[in-house]
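Quick notes on the structure that follows.
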Amino acid sequence: MSGHQRQVSWASQVWFVLAGVFDKDDNARLLKRLQKADPSPEMVTPYMNLYYIQALLDSGLKDDALTHLKHYWGAMLDAGADTFWEIFDPEDPTASPYGSQLINSYCHAWSGTPSYFIRNYFSD
């Protein structure tokens, strides 16, 4: 937690899990608390979302990981993507960190991770 408002961020909690600060059960509890708190700002990049999914998988939360993968990348598909984008906010598909969505990358390497997760964790 940070600052006078004791802000919790998605990224800080994900990095705790991936760094192995806690054991698997404590990591799972931490991520469940994080989901319930749903802190702002949201994760809006495939980069952060892929690490969140990996943290869920490493913590034994495979169902949560699959649900989130479908939620985030599925919403991108629902928004008309035929490749995966550099930035995507399901609440605002036109969002851009560059001031214009015309400058966003619409075929970004970080976004290809669903295929990795599907092949390695969900192809039973």
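Values quoted throughout were computed directly from the atomic coordinates according to the rules given, and no laboratory measurement underlies them. Remember, predicted model here, so these are calculated numbers, not experimental data. Because the Cβ atoms are built from the backbone with ideal geometry, glycine has one as well, and the counts that use them run over all protein chains shown.
The criterion of being hydrophobic (A, V, I, L, M, F, W, C) and within 21 Å of Val14 (Cβ to Cβ) does not hold for Leu77. Taking the stretch 9-23 as the range and being over 17 Å from the mean Cα position of the chain (by Cα) and surrounded by fewer than 14 Cβ atoms within 10 Å (Cβ to Cβ) as the test, the residues that pass are Gly20, Val21, Asp23.
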